[in-house]
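Reviewing the structure listed below.
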Amino acid sequence: MTSSVFASFFWMGQGATANWNDANNWDKDQTLPINIPGVPPTSTGEEIKVLTEAFMTSGANALINSNVGTYSTKISINGSASMPAILTITGSNAFIGCSGQFRVGSASSGGTGATGKVIQSGGTVTAPTTYIGYYGTNVPDIATGYYTISGGTLTCSSGLWVGSGVNGGNTIGTFTVDCSTGSFPTITVSALNVGGQKSAVSTGTLIFNIGANGLVSPITITGSTKNALNLDAGGTSSTTRLVVSLSPGSTVPPGDILLVNNTSTGSPNAVIGSFDTINGAAATEGALVDIGGGHFYTLTYMYDSVSKTVGSARSNTYNDIALIPSMTISTPATNTGDLLIAAVATDGDTSTTIAAPSGWTLINSGANGSAVTLAAWWKLAVASEPANYTFSWSGANRQQAYGWMMRFSGQDANNPIDACSTANDSSITPTSPAVTTKVNNCLILRTGAFDDNSITVDNPTLLSGHTTITADKSSSTASSGVVSGGAGYVKQSTAGSSNTSTFSLTTAKSARTLTIAIAPASTGPGVCCEDDIKP
């Protein structure tokens, strides 16, 4: 059904209910803006306005819970800061569409501010362009718009603007994807713009509330628009914010957290601009983000949702916005020249994507099927080491991680890693492989990653005949996705085979093990393990 009106129609909210189809809620001096199928509009200025009038004692509150049709007009939701106009859309059969702009918090050129809200928990909304906070002229008041979607479908065939500013004015727009109730809305747009354009003073905020199962709906960009994802286009005049949080009681997300999925075929189409902040901190590429509960992720504007990998630069392929899991490990107290070795065990196979910060050299990264991954890196300590380092990875088939950093002294300063060897096993006593050392007095370091919580924490006999460095797991309470890790060492006086050893677990589980021989300096007491630091 297509409905049309011939002027601006005003929601007065004087009916017995808030229902959109209640004729008593509309200005009686004008034709009711429903049930007028097939009548074409007479001008582009025609508009349906849900707004708070001066005589009203509370903000306008309209309810759509059925199919009210598509209007050949603009639709604006306007109220005041103290009495915002609110449009609630609920129920699986709810539907409203318009052929003009859908404006939430639309201020007029007369210099009066506006506050509008849309709360959508179901149904379908379709519009060419949706503005969350809209101001078309440069006037001193503020246009504020809020759109919260926790269910249903929103389709914007010409784009979604959050805190757009348009040609001037001062706008504040907040768009929230709320999956905390367990529903997952569908948001499809041809372009996404957050923050003002030109010199508009504006603030655009995207909020993602992760659901109890650890999932959240992304905003998906479709079609063939070029440069379809723009952030902070207003530069110093605009502010862009990103907020991502776990809902109370949520589980850890089972994979990368995809926030914006840019599938547009237009070119060029890399992400333009960046958010100013994420969860209150700087939102630069690689920013570390705590989404709650001590769960840390890394922000990237160079994600590819198809391969689930992060690119080295923004491009037409690596043009999605996502959070990828990461782990921050504290740096132990060091002396210049000490050898640092970091190891990270993850659930699932992340062996091709797990990465260390700049300055670290990979020793080995590998997985035992899709069960568990172990990666290790080394570096020589400099005079001023940072307080911690962040290691990150991407991919869908993993959930948790455990990592640690070890400090050694007395090693060869030029070639500290004499040899290494890896093995996969599935046993209660998984094998740590042998290495063949080239020089005398090497330190044999054995590390392992084990699926699930299959380790005794701080087990002093983790490796028979070895000194335990660490034995721990990613979680003591989680029921799935847990990974365990451990390490120990022994000194070997004579060059040659170190022979194998075995780890001692609590139950037979898939394991990935890595044995590393650390070469000693030509003079001195030999290699010493000083300490280790866990996350």
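The values are calculated or read from the model by the stated rules, or taken from the named source; none is laboratory data. The model shown is predicted, which means the values in this text are computed figures rather than measured ones. Methodologically, a virtual Cβ is constructed for each residue, glycine included, from the backbone with ideal geometry; neighbour enumeration extends over all protein chains shown. We work out accessible area using only protein heavy atoms, side chains counted, and drop any ligands, DNA or RNA first. Shrake-Rupley method; radii C 1.70, N 1.55, O 1.52, S 1.80 Å.
How many percent of DSSP beta bridges within the stretch 167-295 run antiparallel, rounded to 5?
Numbers: 2 of 32 bridges.
Roughly 5 percent of the beta bridges in the stretch 167-295 run antiparallel, per DSSP.
Would you kindly find the accessible area of Ser82, with a 1.4 Å probe and non-protein molecules such as ligands, DNA and RNA excluded, rounding to the nearest 10 Å²?
100
How would Tyr146, Tyr71, Tyr489 line up by accessible area, probe 1.4 Å, largest first? Numbers along the way, then the final one.
Numbers: Tyr146 85, Tyr71 0, Tyr489 45 Å².
My answer, sorted largest first, is Tyr146, Tyr489, Tyr71.
Out of the total accessible area of the stretch 211-282 (probe 1.4 Å, heavy atoms of protein only), what percent is carbon and sulfur?
Whole-percent figure for carbon plus sulfur exposure: 56.
Rounded, prolate or oblate: which fits the stretch 390-503 when a ≥ b ≥ c are the square roots of the eigenvalues of the alpha-carbon gyration tensor, with rounded for a/c under 1.5 and prolate only if a/b beats b/c?
In terms of gyration-tensor shape, prolate.
What whole-number value in Å² describes the accessible area per residue of the stretch 195-330 for a 1.4 Å probe?
Result: 37 Å² per residue.
At a Förster radius of 60 Å, what calculated FRET efficiency corresponds to the Cβ-Cβ distance of Val457 and Ser315, to the nearest 0.05?
0.85
Tell me, what is the per residue accessible area of the stretch 411-513 in Å², probe radius 1.4 Å? Could the numbers behind the result be given before it?
Values: 4270 Å² over 103 residues.
Roughly 41 Å² per residue, with all protein chains present.
Towards the positive end of the charge dipole of the chain, with charges on Cβ (+1 Lys, Arg; -1 Asp, Glu), say which of Ser427, Thr468, Cys98 has the farthest Cα.
It is Cys98.
What figure in square angstrom, to the nearest 10, would you give for the accessible area of Ser315 with a 1.4 Å probe?
Roughly 40 Å² of Ser315 is accessible to a 1.4 Å probe.
Taking every DSSP beta bridge that has both residues in the chain, what percent is antiparallel when rounded to the nearest 5?
Details: 91 of 186 bridges.
For the chain, the DSSP antiparallel bridge percentage is about 50.
Hey, how much of the P(r) for the chain falls beyond 34 Å, as a percent of Cα pairs?
48
Given a Förster distance of 45 angstrom, what is the FRET efficiency for Glu285 paired with Ser522, based on the Cβ-Cβ distance and rounded to 0.05?
After rounding to 0.05, the efficiency reads 0.60.
Would you kindly find the accessible area of Ser330, with a 1.4 Å probe and non-protein molecules such as ligands, DNA and RNA excluded, rounding to the nearest 10 Å²?
Roughly 50 Å² of Ser330 is accessible to a 1.4 Å probe.
Do you know the relative contact order of the stretch 331-401, to the nearest whole percent, from alpha carbon pairs under 8 angstrom that are 6+ apart?
It comes to 45 percent, rounded to a whole number.
Quick one: putting +1 on the C-beta of Lys and Arg, -1 on the C-beta of Asp and Glu, what dipole do you get for the stretch 400-535 around its Cα centre, in Debye to the nearest 20?
140
Among Phe408, Trp393, Val252, which residue has its Cα positioned farthest towards the positive end of the charge dipole of the chain, with +1 placed on the Cβ of Lys and Arg, -1 on the Cβ of Asp and Glu, and the dipole taken about the Cα centre?
Farthest towards the positive end: Trp393.
Assuming 1.567 mPa s and 4 °C, estimate D for the stretch 192-317 with Stokes-Einstein, Rh taken as the Kirkwood radius over Cα pairs, in µm²/s.
It diffuses with D of about 85 µm²/s by this estimate.
Please work out whether the stretch 375-447 counts as rounded, prolate or oblate from its C-alpha gyration tensor, where a ≥ b ≥ c are the square roots of the eigenvalues and a/c under 1.5 means rounded, while otherwise a/b larger than b/c means prolate and anything else oblate?
oblate
Taking the Cα centre as origin and putting +1 on Lys and Arg beta-carbons and -1 on Asp and Glu beta-carbons, what dipole magnitude results for the chain, to the nearest 20 debye?
The dipole of the chain has a size of about 380 debye.
From largest accessible area down, sort Arg512, Arg446; use a 1.4 Å probe on the protein chains.
The residues order as Arg512, Arg446, largest area first.
Any idea how far apart Ser267 and Ala508 come out in nm if each label point goes 7 Å out from Cα toward Cβ?
Once both label points are built, they end up 5.3 nm from each other.
Going by a ≥ b ≥ c, the root eigenvalues of the Cα gyration tensor, does the stretch 275-428 fall in the rounded group (a/c under 1.5), the prolate group (a/b larger than b/c) or the oblate group?
Oblate is the answer for the stretch 275-428, as a/c is 1.5 or above yet b/c matches or exceeds a/b.
Can you put Glu385, Glu46, Glu285 in order of accessible area, largest first, using a 1.4 Å probe?
Values: Glu385 35, Glu46 5, Glu285 75 Å².
The ordering from most to least exposed comes out as Glu285, Glu385, Glu46.
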